[in-house]
């Protein structure tokens, strides 16, 4: 069992929040506490898991399903989803089912990402410790424009969007139960530092590029 401290240092500021259509503004995620704005643990875990998926490529169920089951991404993502699909426990298109036949046996046991991060049937080996990371001193970035209509169903002419952004460091601790978990965490950190994944929203506008560092805190 090892515990690590992870520090995310922004290269470009990041946005994590929900849109408020009537004000054309995206406010930083504050959940049930409007006076406190934070980076949710779920966003941190999502960043690490996405980086881990990229690091594994064809050996990750999520990498494979996102590549060949584009129309069924919400239905079929993890190893357990693939097995459920073949057992007719979850819906999926026939095209997706046919494309995944060659991977059926490969992912009959969880892939390394599912073993470490968990899925609907497997408890993960990695645990992010602590609560949501509170962020202060936010700044407002205005007049963002998009080549597509952002939230088109609510605002057909969604231009001049304002966002709350931060360039604060994000620090948290990760507990790994074995060497495999540690190995995947280190590989995920490398992917983040290579710029393949980003933190938060509006990545196409240059937001969310971060550098990550990993320090071992304790081992037992």
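Please treat every number below as a calculation from the coordinates, not as lab data. Quick caveat, the model's predicted, so the values are computed rather than measured. All Cβ positions, glycine included, derive from the backbone under ideal geometry; neighbour counts span all protein chains shown.
Odds and ends about this structure:
- Tensor-based shape of region 61-213 (alpha-carbon gyration tensor, a/c under 1.5 rounded, otherwise prolate or oblate): oblate
- Tail fraction, Cα-Cα pairs, region 1-46, threshold 14 Å, whole percent: 64 percent
- Shape class for region 1-83, computed from the alpha carbon gyration tensor (a ≥ b ≥ c): oblate, with a/c not under 1.5 and a/b at or below b/c.
- Global geometry of region 61-110, whether rounded, prolate or oblate, following the gyration tensor of its Cα atoms and the 1.5 cut on a/c: rounded
- Here region 90-108 is scanned for amide nitrogen atoms under 18 Å from the site 7 Å beyond the Cα of residue 178 along Cα-to-Cβ, giving 107-108.
- Rg and Dmax of region 172-211, both derived from C-alpha coordinates alone, stand at 12.4, 38 Å.
- When the helices of the chain are scored as -39500 (n - 2.57) per DSSP H run of n ≥ 4 and the total is divided over every residue, the value at 222 nm lands at -8000 deg cm²/dmol.
- Solution diffusion estimate, µm²/s, Stokes-Einstein, region 36-123, Kirkwood Rh from C-alpha pairs, 20 °C, viscosity 1.002 mPa s: 160 µm²/s
- Relative to its residue count, region 1-149 spans a Cα convex hull of 182 Å³ per residue.
- DSSP finds beta bridges in the chain, and of those with both partners inside it, around 95 percent are antiparallel.
- Highest-first arrangement of 127-134, 43-50, 106-113, where packing means the average Cβ count within 10 Å: 43-50, 106-113, 127-134
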